[in-house]
Each structure stands twice: as C-alpha cells, then as structure tokens.
Amino acid sequence: MIDGERFLEHPIRWGMVGGGRGSQIGYIHRSSALRDQNFELVAGAFDIDPERGRDFGIKCNVDPARCYPDYKTMFAEEAKRPDGIQAVSIATPNFTHYEIAKAALEAGLHVYCEKPMCFWTKDAEELERLAKEKNRVMFVSYGYCGHQMIEQARRMVENGDLGKIRIVNMQFAHGAHNVAVEKKSASTAWRVNPKKAGPAYVLGDVGTHMVYLQEAILPHMNIKRLMCSKQTFVEGRPLEDNAMTIMEYDNGAIGYIWSSCVNAGSEFGARFRIVGEKASIAWDVEHPNQLHYEVQGKPQCTMQRAASYLYDTAKRDDRIGGGHPEGLFESWSNLYTKFAHAIDKCEKGEPIDFWYPDVHAGVLGVKWVDKCVESANHDSKWVEF
Ligand code: NAD
C-alpha cells in the first residue's frame, strides 16, 4: 500500500526539460513525480520558448533563478550549485531525446526519458553504454506498465497460470489522426515530420508502448525475427499512420502488434490478449483495473485491482483499496516511486532488485522500430531481430 509517505531522508532534487504550458505530457510527469514526495521540482527548461518556459516555471513554484532558457544552461548552472539537481525528466519531442539524455548522463544526472528513447539503435546503445559507465539510473517513460494489473499479468505468466505462451496479440490503434489534424495541431505536426519524429510515426509513438508491455509481462521471451507492413492513409503524411507487425519469439510463440492513429471511431484502442496453452489473459488500457483471465473449459473471470486473490506484488502499489478506480496517474506515480527507489539504491551502491522500464527497454523499443521500418521498406520481408 502506498500512502504518500516519502521513504527518502530528503526528496530528490529534480528538474524537467520540456513539458511546458500546453504540452500533452508535462503535467502527468509533474503530478506523478511530486505525488509521493520523493521528488522536489527545483529547476527546469520547460519550453522551447525561454520566456514562456520561465513564466511557466515560476507558476509551478520553481525559483525564477532556476528557470533556464535551455537544457545546456540548466545542466551547467545546476552543476555549480551544492544543491543542484540530481535527476531530470525529458518531455520534449522525439528528435531532442538523444542529445538531451546524453548531456544529462554526462552531467551525472539520473534520467527519466520520454519514449521513443531516440531514433536509431546505435544511439540507443550509446545511451545504454553511457548510463552504465556513469552508473546512473535511466528510465524510459512507458507509462502503462505501472498499472497493478500489469504486475499481476507478469506474475501469472511467471507462475505458469497460463501454461507455455503461444500467442501475443497486441494493438495500440486510436483514431484521433484519421484526418490531417496536424494542419492545426502543433503537437501532432512534429509527430508526422520525419525530422522531428524519426524514421516512423505510429510505430514509435504508440507501437513501442506495446513492445514494452510485452517485455514487462513476458521477460523470458525474446523476439527472434519480425515482418512489418506499413501504410500512410492520410494524404500528404511523409510517415506511416498505420502498421501491422508480426513477430516470432525464441520459445516458438507468435506475436502481433497493430500500431495506428487512423482506427476511426476508436478512442484509444490499446489492449492485449496473451494466449497460453491452458489459459489467456486480456487487458485494455481504458479499463486498467480489470484483467480478464480465461481458463479453457471454465467460466471466464474478471480479476479486479486490489483484490485479495491477486499476487502480493500486484497489491503492493495499491493506493485506495479495492472497488475504487485507479488510473494512469497512479500508474505513473508507481513508476516515479520506482525511479526514486532505483536512484536511492544506485546512490547507496546496492543492486536494483526490481523490474522497471530501464535503458535497455529503451534500446529494445528503438531497435523494434528500426527493424519494422527495415522490413516494411523491403516488401515486408522477415528480418532477424
Ligand atoms: P508537445 O509538443 O505537446 O510538448 C512538447 C513540450 O516540449 C513543449 O512544452 C515544448 O515547448 C517543449 N520543448 C520542445 N523542445 C524543447 C527543448 N529543446 N527544450 C525545452 N523544451 C522543449 O509534445 P508531447 O505530446 O508532450 O510529447 C513529448 C514527448 O512525450 C514525446 O517524446 C512523446 O512521444 C512523449 N509522449 C509520451 C506519452 C506516454 O504515454 N509516455 C504520451 C504522450 C507523449
């Protein structure tokens, strides 16, 4: 049970790059990091527009002297202070992640980076190498994996409740960009621009979330090879707005991820079904408090968050008791709590003995996008992973 008591002697001094006024994802970073008092927001370069960023930071109670015009100035100035930041979250468009994350690690900061971690596998591997060399914690912001039912799913697979896994069927297919909304929305415009979004749109933007959920629930399974077909349905988009990927795993299982933003009529469309030899589980991001468990030959069952029959580790992050809905803010808060624990352990030289979306998960997501694009650009041929 989490009840908001901080477990650290002093909150971690934390800064943000991006996530400024009007951004899609800035507020959930702040509200989740600050909720359990393990972090204190003391600095930021919140916006590409320095004045707007400064005004925003002041209104988030950050000392005006520590509202910086850009991340380079922030890292340099904070390093001079005895009470400088120890960790930073990066909530900027994709094309900036690599350079900001690299600079942050080089400045000795722990990093919480938005997904996809960067554009290219070699850059992702460089960040992984750097995080290891500097002995810093690097989280990648796969925000759905902090839901309690994802922990339950992981434990069910681990304990053999499903039997050997045969099929992994996933989708993140919303309909919000079924027309050219990018003409009016700045937040969508960069997502369909290869200079700012990278080699892919929906594969990186939504597909990577499912890649990590698969990794979180099925850590014993590795993708062996994949094939991908991608399409651009909305005229004028230089990147794909729909993609279908089939994956073969090293245990003989087969998997499928549908990534889309043109699934007209679908509000969010992020869900999975994992099929084992004796039972299946199914989960939907829009109904995160329930996990469906279907054993062949028995009545179908809907497991509820915080219920007594869940595995202990799935009850650990409960904040309100059963019967009450928890949601994305709680999932992210659980992840920021893990981030604080990981930093604490890292600083004390102790091993980090729990799973979280680490820098290697970031590499996996970037590599998956790279391989999907490679396959799709070669007539959807199978490519080794
Ligand atoms: P956005 O365009 O809505 O906001 C981006 C913010 O970053 C703005 O405040 C902008 O001024 C600021 N910014 C841009 N460049 C900057 C720079 N160089 N220095 C400082 N600030 C800068 O974008 P968004 O939708 O919030 O997405 C941001 C990131 O979050 C993306 O990588 C996206 O993929 C990711 N994202 C993740 C999730 C998730 O569930 N984890 C959800 C949505 C977005």
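The values are calculated or read from the model by the stated rules, or taken from the named source; none is laboratory data. All values derive from a computational prediction rather than experimental measurement. No Cβ is skipped: glycine too gets one built from the backbone with ideal geometry, and neighbour counts run over all protein chains shown. Calculation scope for accessible area: heavy atoms of the full protein, side chains included, ligands and nucleic acids excluded. Shrake-Rupley method; radii C 1.70, N 1.55, O 1.52, S 1.80 Å.
Some notes on this structure:
- Looking across the stretch 116-134 at every residue that is touching a Gly at 6+ places or on another chain (Cβ under 9 Å) and open to solvent by 50 Å² or more (accessible area, probe 1.4 Å), the one that is farthest from T92 (Cα to Cα) is identified as K134.
- Test: M149 is within 16 Å of the ligand (Cβ to nearest atom), hydrophobic (A, V, I, L, M, F, W, C) and under 21 Å from the mean Cα position of the chain (by Cα): no
- Residue match in the stretch 140-157 (condition: among the β-branched types (V, I, T) and assigned to a strand (DSSP E or B)): yes
- Of residues in the stretch 56-74 being within 12 Å of the ligand (Cβ to nearest atom) and not in a loop (DSSP other than H, G, I, E, B), the one most open to solvent (accessible area, probe 1.4 Å): K72
- F139 being aromatic (F, W, Y), touching a residue at least 60 places away in the same chain (Cβ under 8 Å) and in contact with a Leu (Cβ under 8 Å, 6 or more places away or on another chain): yes
- Looking only at the stretch 118-133, residues that are hydrophobic (A, V, I, L, M, F, W, C), out of contact with any Asp or Glu (no Cβ under 8 Å at 6 or more places or on another chain) and within 16 Å of the ligand (Cβ to nearest atom) come to 4 in all.
- Assessment of the stretch 90-101 against the conditions (among the acidic types (D, E), surrounded by fewer than 21 Cβ atoms within 10 Å (Cβ to Cβ) and at pLDDT 95 or above) yields at least one matching residue.
- Subset of the stretch 1-54 (residues that are more than 12 Å from the ligand (Cβ to nearest atom), more than 28 Å from I320 (Cβ to Cβ) and open to solvent by 10 Å² or more (accessible area, probe 1.4 Å)): R13, V42
- Residue within the stretch 327-337 that is open to solvent by 60 Å² or more (accessible area, probe 1.4 Å) and in a loop (DSSP other than H, G, I, E, B) present: no
- The set of residues from the stretch 209-228 being among the charged types (D, E, K, R) and under 16 Å from the mean Cα position of the chain (by Cα) comprises just one member, E215.
- Residues that are in a loop (DSSP other than H, G, I, E, B) and open to solvent by 50 Å² or more (accessible area, probe 1.4 Å) were ranked within the stretch 239-258; the one that is farthest from G163 (Cα to Cα) is D250.
- When the stretch 175-190 is filtered for residues that are part of a helix (DSSP H, G or I) and either buried (at least 23 other Cβ atoms within 10 Å of the Cβ) or away from the ligand (no atom under 12 Å from the Cβ) (or both), the ones remaining, listed by number, are V181, K183.
- Listed by first and then second residue, the pairs linking a residue in the stretch 189-201 that is aromatic (F, W, Y) to a residue that is not in a loop (DSSP other than H, G, I, E, B), with Cβ atoms under 6 Å apart and 6 or more places separating them unless they lie on different chains, are W190/K196; Y201/R191; Y201/V192.
- Residue in the stretch 179-193 that is within 23 Å of Y336 (Cβ to Cβ) and in contact with a Leu (Cβ under 9 Å, 6 or more places away or on another chain) present: no
- When each of A307, A376 is tested for being at negative phi, modelled with pLDDT of 95 or more and in a helix (DSSP H, G or I), the lone residue that passes is A376.
- Positions within the stretch 201-238 being open to solvent by less than 10 Å² (accessible area, probe 1.4 Å), within 26 Å of A264 (Cβ to Cβ) and in a loop (DSSP other than H, G, I, E, B), in sequence order: Y201
- Failed item in (1) within 9 Å of the ligand (Cβ to nearest atom); (2) buried (at least 17 other Cβ atoms within 10 Å of the Cβ), with G84 passing the rest: (1)
- Within the stretch 90-108, the set of residues being closer than 16 Å to D205 by Cα and part of a helix (DSSP H, G or I) comprises N94, F95, T96, H97, Y98.
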